[in-house]
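Let me begin by presenting the structure, written as structure tokens, before commenting on it.
The values are calculated or read from the model by the stated rules, or taken from the named source; none is laboratory data. Not measured: the values here are computed from a predicted model. Ideal geometry is used to build each Cβ from the backbone, glycine not excepted, and the neighbour counts take in all protein chains shown.
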Amino acid sequence: MKKFFIWFSIIVLAIFSSYVAVKMAALPSTYNGVGELIVNDTIKKTGAINSVTAVVFDFRGYDTLGESFVLFTAITGSAVILRNNKISKANGGHEDEKA
Amino acid sequence: MKKHNHNIKSKDCIVKCSANIVLPLALILGIYIILHGHLSPGGGFQGGVIIAGAVAIVYVAYGSKDTQRVFNAERFKISEDLGALGFIFIASLGIIYGTSFFKNVIYNQGQVGKLYSSGTIFWMNFAVGYKVLAGIGFLILIMVNTLKSSDKKE
């Protein structure tokens, strides 16, 4: 029974993905799309000379928001893991000053 | 375990004097990179990490007790939250002005190529730089504390 489900899901996935691949190959090209706009109209649209910063902070602002919150989450996790060390250091700090 | 692994002595004159020279230069370079993010290579993330390196420089030169005395971990935490909130506030200026989130609504302020130009990009650079310098500085401060407590166990 388990084997049947595995093969069934693989076959369904293969049929669906080949259908999507055939359909997507027929889509029009995006060569003159947003890339052209970013290259040509950066200064006109944002006023920033550095177009990389214009992309990071303006055209793809959501990406930067996610990046900064990845950093926030990483720091929060490190603080949770290393909190015990911090507490023990706070207790041991006075002994160090006496010595 | 013997303790002659500590090959960099803190309070050593050479390390201390070179740190005194390098530290202001690193701070000024970081501030420059944050403020000129829309004009030259760099931006908030890179400049913030450079400024946060000041914590590591102070630790290498002056030892962990002085690092504790100089830097306030609580203030770092509050600064990071303020940076994140400021970033979201600047991003939601678009909603206040009546368009979409993250829309650059004040892009035509100032001259193109001058320091104060490009509207929200400048302020977002500043907010992200503040957030990153506080966050990475807090991370390095916590790691320094861990180093000290593992030294004590040996």
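Does B:G37 satisfy the criteria of being surrounded by 15 or more Cβ atoms within 10 Å (Cβ to Cβ) and at pLDDT below 90? Considered against the rule, which asks whether it is surrounded by 15 or more Cβ atoms within 10 Å (Cβ to Cβ) and at pLDDT below 90, B:G37 comes out as yes. So, A:G47, is that one on the phi > 0 side of the Ramachandran plot and free of Cβ contacts under 8 Å to residues at least 12 places away in the same chain or not? It is true that A:G47 is on the phi > 0 side of the Ramachandran plot and free of Cβ contacts under 8 Å to residues at least 12 places away in the same chain.
Only one entry of B:N108, B:N104 meets the criterion of being assigned to a loop (DSSP other than H, G, I, E, B), within 24 Å of A:I49 (Cα to Cα) and touching an Asp or Glu at 6+ places or on another chain (Cβ under 6 Å), and that entry is B:N104. Residues being of a type in the set (A, V, I, L, M) and closer than 30 Å to B:G129 by Cα: count how many of those fall in segment A:9-62. Final tally of qualifying residues: 11. If the condition is being farther than 17 Å from B:V105 by Cβ and either touching a Lys or Arg at 6+ places or on another chain (Cβ under 8 Å) or more than 7 Å from chain B (Cβ to nearest Cβ) (or both), then segment A:43-55 contributes A:S51, A:V52, A:V55. The set of residues from segment B:88-101 being in a loop (DSSP other than H, G, I, E, B) and of a type in the set (S, T, Y) comprises B:S92, B:T99, B:S100. Scanning segment B:84-112 for residues that are polar (S, T, N, Q) and modelled with pLDDT under 85 yields a count of 4. Within segment B:85-103, is there a residue that is surrounded by fewer than 14 Cβ atoms within 10 Å (Cβ to Cβ), without any contact (Cβ under 8 Å) to a residue 60 or more places away in the chain, closer than 28 Å to A:L65 by Cβ and basic (K, R)? Looking through segment B:85-103, none of the residues is surrounded by fewer than 14 Cβ atoms within 10 Å (Cβ to Cβ), without any contact (Cβ under 8 Å) to a residue 60 or more places away in the chain, closer than 28 Å to A:L65 by Cβ and basic (K, R).
Residues that are surrounded by 10 or more Cβ atoms within 10 Å (Cβ to Cβ) and modelled with pLDDT of 85 or more number at least 2 in the following helices (runs of 4 or more DSSP H) confined to segment A:14-99: A:51-54, A:61-81. I'd like the full set of residues that are among the hydrophobic types (A, V, I, L, M, F, W, C) and surrounded by fewer than 22 Cβ atoms within 10 Å (Cβ to Cβ), limited to segment B:40-49. Matches in segment B:40-49: B:V49 only.
Residues are listed down the side, and each one gets a yes or a no for (1) surrounded by 18 or more Cβ atoms within 10 Å (Cβ to Cβ); (2) aromatic (F, W, Y); (3) at pLDDT 85 or above; (4) at positive phi:
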residue: B:V15; (1), (2), (3), (4): no, no, yes, no
residue: B:N20; (1), (2), (3), (4): no, no, yes, no
residue: B:I31; (1), (2), (3), (4): no, no, yes, no
residue: B:V55; (1), (2), (3), (4): yes, no, yes, no
residue: B:D66; (1), (2), (3), (4): no, no, no, no
residue: B:V70; (1), (2), (3), (4): no, no, yes, no
residue: B:E74; (1), (2), (3), (4): no, no, yes, no
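If you go through segment B:116-131 and keep only what is of a type outside the set (G, A, S), more than 14 Å from A:G61 (Cα to Cα), more than 7 Å from chain A (Cβ to nearest Cβ) and part of a helix (DSSP H, G or I), you end up with B:F126, B:Y130.
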